[in-house]
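Structure first, commentary second.
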Amino acid sequence: MNKILPLLILLTFIFSSQSFSQELKSFNSQKDKVEYNLKTKGELYFKFTINSKDRINELGRHISIDNVIDKIIFFEVYAYASAKEMDYFAAQNIDFALLKHPGDGNEKMSDNIKEIMAWDVYPTYPAYVTMMNNFAANYPNQCRIVNIGSTVQGRQLLFAVISDSVNTRKPKPRLMYSSSMHGDETTGYVLMLRLIDTLLSGNGNNQRITELVKNCEIWICPLANPDGTYHGGDNSVNNAWRYNANGIDPNRNFPGPVAGQHPDGNAWTIETIASMNQFAQYNFTLSMNFHGGSEVFNYPWDHKAALHPDDAWFIHAGKRWLDTVHAVAPSYMVDNLGYPNIPGLVNGFAWYIVPGGRQDYMTFFNGGREVTLEISSTKLVPASQLPTFWARNFKSFINYLNESLYGVRGIVRDSVTGAPLKSKVYVSGQNDTTWIYSDSICGDYHRLIAPGTYSFTFKAPNYYPKTISGIRAAYDSTTYQDVYLRPITTSAGNENLTVKNFKLYQNYPNPFNPETDIKFDVRENSEVSIIIYDVTGKEITNLANGNYKQGSYSIKWDASKYPSGVYFYKFTAGNYSEVRKMMFLK
Ligand SMILES: [Zn+2]
């Protein structure tokens with residue numbers, strides 16, 4: 001028996017895994033290395049070349065494509081895969097080269113808050129949580145910490161909320177910065193911690209910051225995938241990986257406008273569900289998602305070729321970011337990756353398709369405006385370089401938040417009671433999903449838009465819609481347009497009016513706690529059901545089950561025995577069915 005041989009094989013694997021050949025090889029010729037890397041790391045980082053963009057887009061539904069570089073006669077593609085995803089890729093017979101995992105670093109760590117606040121070192125996870133809680137403790141009137149949920153491994157998804165009225169909802173744009181949902185893309189993590197500190201300590205001292213804290217409600221999540229970043233344990237980011245703890249790419253796991261509820265073929269992770277609940281509960285005007293691996297300002301759409309109707313506005317915001325950055329660092333963020341052919345700026349689809357990404361989920365389904373900032377070519381940036389990236393981007397962090405104060409804004413109210421209303425705000429002539437919401441508590445809406453003269457239509461359930469024309473907008477200026485919507489009165493005897501259609505109405509109130517009314521119309525005698533589903537699609541209860549005569553009905557749902565979150569309710573009457581979403585908030 002030769003006991004040396006297995007040891008030699010093991011050593012060969014270890015050394016070969018350190019010398020990452022750039023040569024593209026077949027799957028079979030490097031099967032052992034693939035298995036070794038999957039066993040030790042859990043996810044693979046690799047590159048390959050291909051000459052069809054359609055083929056890249058198809059592959060992107062099965063593995064996580066991270067970067068696509070146009071080499072004129074072919075594309076160089078960088079990607080990640082879990083073991084399951086590698087099974088698919090192996091069957092494609094594409095030669096590839098395994099690469100050093102970007103999260104394999106040797107960066108300086110610290111658990112000393114004072115040392116961390118020199119901003120050139122990575123914090124341990126416990127130090128990070130302490131710092132976040134310290135912000136709220138030190139600035140109780142300007143900062144509170146919101147934990148939107150726990151991760152697979154029980155870490156926290158924390159936001160610092162910053163505003164001069166942080167404990168009361170006021171009619172202000174609500175903004176969001178979130179970083180490192182890919183756990184090995186860590187630059188934005190430390191920069192966002194530093195931004196929280198800068199906004200809080202600058203409030204009252206720096207005029208621009210004071211104005212922002214006064215006029216906006218700013219939500220900052222420095223670490224959106226802590227299990228990925230601390231894959232190597234709470235004390236180090238040096239074994240960070242991309243995916244969540246269950247091997248799922250968080251930025252491919254959201255519902256897609258075209259690809260359906262599960263574009264990646266996986267159930268929503270608990271981190272995705274926490275985000276979806278947060279977005280449904282809070283109405284965000286503008287947001288940004290920080291990544292790494294490239295240096296580019298990427299804007300919607302990621303999922304389809306058609307330009308977003310607000311393309312001009314996105315280009316305006318992106319150019320402003322880049323012009324400010326280039327004044328400090330002329331050779332940073334200068335790649336031209338496609339339309340609109342402005343160095344450092346790219347339309348998502350022109351670069352490569354991202355199915356199930358958060359940017360389009362936020363922008364398409366939640367009335368938001370989200371862009372993706374790829375902040376550094378190196379993912380796990382050397383800690384000593386963090387101050388350089390801060391110096392390049394700090395002014396743009398401020399400018400981008402400030403954009404939310406321009407455009408068209410106002411408050412939507414009930415014309416009888418004056419109560420603020422949640423409504424949908426549409427811009428006439430935009431033949432795509434670009435509506436935004438007015439806030440459910442204060443009724444305020446904030447429509448960022450390119451210069452022009454517009455017609456806006458405001459719609460709310462149980463109100464007559466209203467269109468206002470001749471609304472003028474310009475960059476760096478604010479147009480105020482308040483709106484009163486007239487309720488559709490339900491006089492006595494209304495139930496005798498002829499019901500002409502089947503219809504399911506938005507529940508009221510919404511969000512609710514713990515009871516809400518669900519109204520529906522039945523056109524003709526039908527078998528009716530109203531089924532409630534939780535956010536995972538599991539049936540919770542059936543509120544109506546039986547034959548209903550023509551008429552208008554209202555059914556109450558008491559959710560007190562269920563957890564807070566998003567629920568769906570489906571109305572079926574004969575062949576007709578309609579689904580709506582509601583929010584239970586304890
Ligand atoms: Zn990323």
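Going through segment 437-453 one residue at a time, which ones are surrounded by fewer than 23 Cβ atoms within 10 Å (Cβ to Cβ) and in a strand (DSSP E or B)?
Tyr437, Asp444, Gly452, Thr453
Which of (1) within 16 Å of the ligand (Cβ to nearest atom); (2) closer than 27 Å to Arg174 by Cα does Tyr352 not meet, given it meets every other one?
Condition not satisfied by Tyr352: (2).
Residues that are within 13 Å of the ligand (Cβ to nearest atom), aromatic (Phe, Trp, Tyr) and not assigned by TED's automatic domain parsing to the domain that holds His303: which helices (runs of 4 or more DSSP H) entirely in segment 172-267 hold 2 or more of them?
In segment 172-267, no matching helices (runs of 4 or more DSSP H) lie anywhere.
Considering only residues of segment 295-333 that are farther than 18 Å from Arg358 by Cα and within 16 Å of the ligand (Cβ to nearest atom), which is surrounded by the fewest Cβ atoms within 10 Å (Cβ to Cβ)?
Selected residue: Glu295.
How many residues are among the aromatic types (Phe, Trp, Tyr) and within 14 Å of Ala280 (Cα to Cα) if we restrict to segment 501-515?
Selection size over segment 501-515: 1.
Per-residue answers, yes or no, for (1) closer than 27 Å to Tyr437 by Cα; (2) touching a residue at least 60 places away in the same chain (Cβ under 8 Å):
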residue	(1), (2)
Arg155	no, yes
Ala160	yes, yes
Arg169	yes, yes
Met181	yes, yes
Thr186	no, yes
Leu200	no, yes
Asn206	no, no
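Just wondering, is there one or more residues in segment 343-354 that are in a strand (DSSP E or B), touching a residue at least 40 places away in the same chain (Cβ under 8 Å), touching a helix residue (DSSP H, G or I) at 6+ places or on another chain (Cβ under 6 Å) and aliphatic (A, V, I, L, M)?
Within segment 343-354, one or more residues are in a strand (DSSP E or B), touching a residue at least 40 places away in the same chain (Cβ under 8 Å), touching a helix residue (DSSP H, G or I) at 6+ places or on another chain (Cβ under 6 Å) and aliphatic (A, V, I, L, M).
In the same structural domain as Phe458 (by TED's automatic domain parsing), assigned to a loop (DSSP other than H, G, I, E, B), without any contact (Cβ under 8 Å) to a residue 60 or more places away in the chain and surrounded by fewer than 24 Cβ atoms within 10 Å (Cβ to Cβ), is that true of Thr417?
yes
Working only within segment 361-383, note down all residues that are farther than 21 Å from Gly183 by Cβ and in contact with an Asp or Glu (Cβ under 7 Å, 6 or more places away or on another chain).
Thr363
When you scan segment 90-106, do you find a residue that is within 16 Å of the ligand (Cβ to nearest atom), under 31 Å from the mean Cα position of the chain (by Cα), in a strand (DSSP E or B) and outside the structural domain of Pro250 (by TED's automatic domain parsing), even just one?
no
Please work out if Ser564 is under 28 Å from Ile441 (Cα atoms), loosely packed, with under 14 Cβ neighbours inside 10 Å and hydroxyl-bearing (Ser, Thr, Tyr).
no
Output the residues belonging to segment 284-294 that are within 11 Å of the chain's Cα centre (by Cα) and within 12 Å of the ligand (Cβ to nearest atom).
Hits for segment 284-294 are Asn289, Phe290.
Name the pairs: first residue in segment 364-381 and over 11 Å from Pro102 (Cα atoms) and outside the structural domain of Tyr445 (by TED's automatic domain parsing), second residue among the aliphatic types (A, V, I, L, M) and within 14 Å of the ligand (Cβ to nearest atom), Cβ to Cβ under 6 Å, at least 6 apart or on different chains?
Val371/Met288; Leu373/Met288; Glu374/Val296
Please determine whether any residue of segment 359-370 is surrounded by fewer than 19 Cβ atoms within 10 Å (Cβ to Cβ), assigned to a helix (DSSP H, G or I) and away from the ligand (no atom under 16 Å from the Cβ).
yes
Could you tell me which of the residues Tyr445, Tyr437, Tyr400 is without any contact (Cβ under 8 Å) to a residue 40 or more places away in the chain and within 23 Å of the chain's Cα centre (by Cα)?
Just a single option satisfies the conditions, and that option is Tyr445.
Quick one: which residue in Lys84, Lys100, Lys71 is at pLDDT 90 or above, under 27 Å from Pro255 (Cα atoms) and charged (D, E, K, R)?
Lys84
Does any residue of segment 151-165 turn out to be outside any loop (DSSP other than H, G, I, E, B) and more than 26 Å from Thr372 (Cβ to Cβ)?
No, segment 151-165 has no match at all.
So which residues in segment 268-283 are among the polar types (S, T, N, Q) and not in a loop (DSSP other than H, G, I, E, B), if there are any at all?
Thr272, Ser275, Asn277, Gln278, Gln281
Kindly provide the set of residues from segment 56-84 that are more than 23 Å from Gly338 (Cα to Cα) and away from the ligand (no atom under 16 Å from the Cβ), ordered by number.
His62, Ala83, Lys84, listed by residue number.
Among the residues of segment 129-144, are any among the hydrophobic types (A, V, I, L, M, F, W, C) and in a strand (DSSP E or B)?
yes
Tell me, which residue of segment 38-91 that is buried (at least 16 other Cβ atoms within 10 Å of the Cβ) and of a type in the set (Asp, Glu) is nearest to Asn298 (Cα to Cα)?
Asp66
Restricting attention to segment 371-395, and to residues there that are assigned to a helix (DSSP H, G or I), over 23 Å from Arg208 (Cβ atoms) and out of contact with any strand residue (DSSP E or B) (no Cβ under 8 Å at 6 or more places or on another chain), which single residue is farthest from the ligand (Cβ to nearest atom)?
So the residue we want is Ser384.
Gly546 versus (1) under 34 Å from the mean Cα position of the chain (by Cα); (2) in a strand (DSSP E or B): which is the lone unmet condition?
(1)
The values are calculated or read from the model by the stated rules, or taken from the named source; none is laboratory data. No experiment lies behind these values; they were computed from the predicted model shown. Please note: Cβ atoms are built from the backbone with ideal geometry, for glycine as well, and neighbour counts cover all protein chains shown.
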